[in-house]
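Taking it in order: structure first as structure tokens, then the write-up.
Since every read-out is calculated from the coordinates, none of them should be taken as a lab result. Here the structure is a predicted model, which is why all the values come from computation and not from measurement. Because the Cβ atoms are built from the backbone with ideal geometry, glycine has one as well, and the counts that use them run over all protein chains shown.
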Amino acid sequence: LATLMANHRVMALARAPLSERLTVMRRIAELDPASTYWDDDIRRFEEGRLVEMGQQLNKAIKAQDAASVTRLREEADAATWRIAVPQDLRRLLKESADRLTAVKATTDLRALLPKLNDAYGAMAYEDCKRLLGQWLATVASGKLNVPPDLQEQVEPIIGWVQEQDQRRKQQAEFEQACDGLQQALDRDQPTPMLERA
């Protein structure tokens, strides 16, 4: 508690960001429940932080900064608030985070497509498989409906990789069956078992 109090004083003198100061204040309030004034101070700081978050959100939206919007959304969704986070702010944070994440994911897919095309042109299965893994992870993380122009370009690559996967699976099964037959021959198994193998 003494260390946290010292940190709180230093942060106040340094005019540290409200989000950082609130974290320390909330921890102090947990450790010092007998001091009721912490609750009032935290509520005042939270009101100021909400105003600040609205300003930061506007800047992040203008800058197309998905990471900052996501951080703000996570802060607003945290269970540590003593005052209610306005529903309008929550909704705007969610919509902005979803939209900017989708924009970033689409940009990432456009950057990934030339590499995928190169790997497909070279019929490099391993590279295609790895890059498709990145593609699918980007689509999933961005909760993205892939734009039609990108979907049209990637579909033949997906089909080819799936075909190669199936061939490799069949080849592995065939090799396993051949191994089984060889073992049966080595053990001099009866003819019916050899025929089944």
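Packing, as the average of other Cβ atoms within 10 Å across residues, places the peptides 126-137, 152-163 in the order 126-137, 152-163, highest first. Largest GNM mean-square fluctuation among Arg168, Arg99, Arg90, using the chain with Cα springs under 10 Å: Arg168.
Here the sum of -39500 (n - 2.57) over DSSP H runs of 4 or more residues, divided by the residues of the chain, equals -28000 deg cm²/dmol at 222 nm, to the nearest 500. In this Cβ point-charge picture (+1 for Lys and Arg, -1 for Asp and Glu), the chain has a dipole of about 960 debye about its Cα centre. Only Cα pairs under 8 Å and 6+ residues apart enter the sum, and on that basis the relative contact order of the chain stands at 13 percent.
The alpha carbon centroids of segment 7-70 and segment 90-118 are separated by 29 Å. Between Ala102 and Asp39, the FRET efficiency estimated from the beta carbon spacing at R0 = 41 angstrom works out to 0.55. For the chain, the equivalent ellipsoid built from the Cα gyration tensor has semi-axes of 58, 26, 14 Å, listed from largest to smallest. Looking at the square roots a ≥ b ≥ c of the eigenvalues of the Cα gyration tensor of segment 94-168, which shape do they give, rounded for a/c under 1.5, prolate if a/b is larger than b/c, or oblate? In terms of gyration-tensor shape, prolate.
If you sort the three axes of the alpha carbon gyration tensor as a ≥ b ≥ c, you get a/c of 1.5 or more for segment 29-86 and a/b above b/c, which makes it prolate. Screening the chain for whole DSSP H helices of 18 Å or more along their axis (Cα) with average Kyte-Doolittle hydropathy at least -0.5 returns 18-31, 87-121, 125-141. Shown here: segment 143-183, whose C-alpha atoms stretch 52, 20, 5 Å along the first, second and third principal axes, sorted largest to smallest.
Can you tell me which aspartates and glutamates have their Cα less than 19 Å from the Cα of Lys104? Leave out same-chain residues fewer than eight positions away. Excluding near neighbours in sequence, the set is Asp65, Glu74, Glu95, Asp149. Plainly put, segment 78-120 has a radius of gyration that is 1.35 times its Kirkwood radius, both from alpha-carbon atoms, as the Rg/Rh ratio.
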